Amino acid sequence: MEKMVYFFGGRSTEGDAGMRDLLGGKGANLAEMANLGIDVPAGFTISTEVCTSYYESKGKYPEKLRQDVAGNMKKMEDVMGARFGDPENPLLVSVRSGARVSMPGMMDTVLNIGLNDTTLKGFIAKIGNERTGFDSYRRFVQMYGNVVMGVRGEAFESLLEKKKKERGVKNDTELSASDLKELVKEFKAVVKRETGKPFPEKPEDQLWGAIGAVFSSWDTPRAVSYRKLNNIPGGWGTAVNVQAMVFGNMGENSGTGVAFTRDPATGENIFYGEYLMNAQGEDVVAGIRTPQQINIRTKKDPSLPSLEEEMPEVYKSLEDIREKLEKHYRDMQDIEFTIQQGKLWMLQTRTGKRTAVASIRTAVEMVEEGLITEEEAIRRMEPSQMDQLLHPMFDPKFEKKVIAKGLNASPGAASGKVVFSADEADKLGRKGEKIILVRLETSPEDIHGMAVAQGILTARGGMTSHAAVVARGMGKCCVAGCSAINVDYGRERITVGDIEVKKGDYISLDGTEGEVMLGEVPTIDSEILRIIRDKMKPEESPIYGYYSKLMSWVDKVKRLGVRTNADTPEDAVIARRFGAEGIGLTRTEHMFFGEERLPVVRKMILAPTDEERKKAVDELLPMQRGDFKGLFKAMDGLPVIIRLLDPPLHEFLPNHEELLVEITKLKLEGGDKKKIEGKEELLRTIEKLKEMNPMLGHRGCRLGVTFPEVYRMQARAIFEAASELIAEGYNPVPEVMIPLVSHVNELRLTRKDTVEVAEEVMKEKGVRIKYMVGTMIELPRAALTAGEIAKEAEFFSYGTNDLTQTTFGFSRDDVEGKFLPVYIDKKVLPENPFAVLDQEGVGELVRIGIERGRKGRKGIEIGICGEHGGEPSSVEFCHRVGMDYVSCSPFRVPIARLSAAQAVLKERK
Ligand code: PEP
Ligand code: MG
């Protein structure tokens, strides 16, 4: 460590923006601004290496440090034209932390160092205001006493409160200079009493006390836990910035403000900011005085002048700086400035945080302005911001009262009256009422209620639970697995602690955060969504223009195809508008639950003979044919994967317990004997079909092997639908998918049936249909024997929901409400593996399966249709392992497209 201290300001700046690791973000950017010829109050940065060495040597500074700091203080004094500790013309300094990455509020800052009873007089003379002088002194003693000397904050606060009471005033600002003078004395006495040490008078001691405090704040428990949470290595250390103070409260030609180089809410290319005359930085944010807008264009209140009017010259310099910074950083900046007696000083610049709308607008406009490339625009878009652009969101003007948190199962925002049953939801929803469907968990029987609800809240179930998957498919907001709420169906209420929400009360859900809130928080539909849903014309929406432009760049870059998981033509149409290139999964079981279908499905399951089963199956055929025609039409010309029936049959039968209760009631009431017998028969069938582990039971292709007529009916419906459409001039591209295969023989058998039916139908109709038969890879054995399986499969689609379940041995429907939160909390697992693909374990099986599958059949089409297909880091993985496409719910299609392009760009880096 040759050099420990780096000067900035004036012409002798030693650092630059590239030295972030050594100087921290703040120090590097201050140096960079100084290099650009922008006036920053002079100062110096003690490097992060000093911090590391300070810890290694148990709190001792390197030998030369004192000398280097003294030299740099001298330089600072020369540039600023004032002396540290000078009674007439005192220089005051701030000491602030600054790590490589911003850790907001985690570490310490001390302002106004250098004030004491002697320098105060010179300071007051300089600023020309006694009250401000004493107020700065009071704040300094309080801050220093607390941060450096460890006196409890309340000790000072209670004295301040007492003083205000004595004076009969409410605000700090109403205290007089002599009140503040008394407070300084009282504060110093508290320091003495609590620490046994006098408050340091010597500026030199004050400075070193503050530097030590900032270094030590790197290792406070709150900083350590913040680092842990954000994966920031402790070895990075913090830099310390010592900088000359400038004052915005030196009279009417002074002021201070914050600004963004573009509007952070809309992204519009206008200079946007607020300031206050004769004030200090914290006054702008404290909200006691109303800040003014910096320019005429953004003025809200005509009675308040803008900086452009009050100080045109200063405003002009600020505009020049804005241009300089944007050109230099090539991104929107968030800046802080102070005007001290007519002179403008820049205190900070950093990348500005912005809304999703602003993000996409600035990215696209900066490409058009020639500031950045199309690729950089793609890199800058956060996938989560893309989410915000699509889903309805809460009006940010309203405050949220969160009562419970669950899983953020499907993003968006929703408000409505609480109802507890799908039927009731359906009834009220049809009347146009806004409702939230609250269930312990949902099942396919609840679909009609979910479809009309604004949002869905469940107490159980995880990221791949029925509620989560279906809500995502519908683009509907859902908070799942919210175990903090007690759902009482009987009394029709939810309780959380002593809060009670009755049926008909309003609640709001934030599916992006997983939050449940009391009352009705108003929502706004995103513009893009309104266009997708035909409620607005694309040309009326500039945001849509930016979105489609960015997406056209995305499509030029990405290699992965993006399909959608859709069960209805409506979803398929939406997905196609979002850019889906086909369907990667249709869960046909979702078609079995329609009002007129369920009785037929039950007839099929309960049939005592093969003949009767065949009859019921035949009844289902035309219905399914209609379903598939709708899907093929919506995706005309694009591949549509239809998966044959997957779930265990008992899911289509009434609930065992409910039926038992019904029968008992009927018996007690002396009900019709025949009816009772019928119900008892049904109960016996349910008991027969009931399994200990239905997820590992008689489902998937196991149904196709044992009840071939069901799969054959579905295959017939698929090929009949395709034939009819070809005759009508359409171009259907069916791909038939067999679920839950673990042994190649299962596929051999079911595939043979499918091909036989396909040939039969084509012969009957006199058409040729281009089609494929393939399988899901969703069990470890399938992945391991993929070479064999590929000989029978023209495509693979990874079902990573079941593959995660069976690789971990975690039940996908229970895990998230039970031990998973603890696992994540205790860092046993980094993330929920049902949401974010476990690349090391499950991903390894995926990789092996692809490798062996491609050996077994050259050019085999490979994709993914588990919920991971729309999650950015998992999409990147799918790109890396060479899949052909990902498939996800319609609303995640744009996110998957963006992530696929970002995956390509990551490789280019
Ligand atoms: C899967 O298991 O990943 C899958 C897509 O199928 P399902 O979620 O319907 O079991
Ligand atoms: Mg599955």
Neighbours by Cβ (under 9 Å, 6+ apart or cross-chain): first from the range 582-594, free of Cβ contacts under 8 Å to residues at least 12 places away in the same chain; second within 10 Å of ligand 1 (Cβ to nearest atom): none
Residue in the range 799-812 that is under 30 Å from Ala722 (Cα atoms) and part of a loop (DSSP other than H, G, I, E, B) present: yes
Every residue from the range 519-549 that is surrounded by 19 or more Cβ atoms within 10 Å (Cβ to Cβ) and in a strand (DSSP E or B): Thr523
In the range 860-877, residue nearest to ligand 2 (Cβ to nearest atom) [restricted to those that are of a type in the set (Asp, Glu) and outside any helix (DSSP H, G or I)]: Glu871
Qualifying residue in the range 787-807 (condition: among the aromatic types (Phe, Trp, Tyr), open to solvent by less than 40 Å² (accessible area, probe 1.4 Å) and without any contact (Cβ under 8 Å) to a residue 60 or more places away in the chain): no
For Pro41: the one exception among (1) of a type outside the set (Ser, Thr, Tyr); (2) under 43 Å from the mean Cα position of the chain (by Cα); (3) modelled with pLDDT under 95: (3)
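For every residue, the table says whether it meets (1) within 24 Å of Phe247 (Cα to Cα); (2) open to solvent by 70 Å² or more (accessible area, probe 1.4 Å).
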{"residue": "Met4", "(1), (2)": "no, no"}
{"residue": "Gly9", "(1), (2)": "yes, no"}
{"residue": "Gly25", "(1), (2)": "yes, no"}
{"residue": "Lys64", "(1), (2)": "no, yes"}
{"residue": "Met103", "(1), (2)": "no, no"}
Subset of the range 147-162 that is in a loop (DSSP other than H, G, I, E, B) and without any contact (Cβ under 8 Å) to a residue 60 or more places away in the chain - its residue that is farthest from Glu174 (Cα to Cα): Gly150
Residue that is crowded, with 18+ Cβ neighbours inside 10 Å and of a type outside the set (Ser, Thr, Tyr), where the choices are Arg812, Arg781: Arg812
Hits in the range 343-360 (condition: under 25 Å from Gln385 (Cα atoms) and touching a residue at least 60 places away in the same chain (Cβ under 8 Å)): Thr349, Arg350, Gly352, Lys353, Arg354, Thr355, Val357, Ala358, Ser359, Ile360
All positions within the range 775-809 that are under 14 Å from Arg748 (Cα atoms), more than 14 Å from ligand 2 (Cβ to nearest atom) and among the small types (Gly, Ala, Ser): Ala786, Gly787, Ala790, Ala793
Every residue from the range 813-833 that is over 19 Å from the mean Cα position of the chain (by Cα), within 19 Å of Cys482 (Cβ to Cβ) and either outside any loop (DSSP other than H, G, I, E, B) or basic (Lys, Arg) (or both): Val815, Gly817, Lys818, Leu820, Val822, Tyr823
Residue in the range 749-759 that is surrounded by fewer than 21 Cβ atoms within 10 Å (Cβ to Cβ) and within 16 Å of ligand 2 (Cβ to nearest atom) present: no
Residue within the range 327-342 that is touching a residue at least 40 places away in the same chain (Cβ under 8 Å), charged (D, E, K, R) and more than 17 Å from Asn29 (Cβ to Cβ) present: no
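The values are calculated or read from the model by the stated rules, or taken from the named source; none is laboratory data. Since the model is a prediction, treat every value here as computed from it, not as a measurement. Glycine gets a Cβ as well: all are built from the backbone with ideal geometry, and neighbour counts include every protein chain shown. Surface areas here come from the heavy atoms of the whole protein model, side chains and all, with no ligands, DNA or RNA. Shrake-Rupley method; radii C 1.70, N 1.55, O 1.52, S 1.80 Å.
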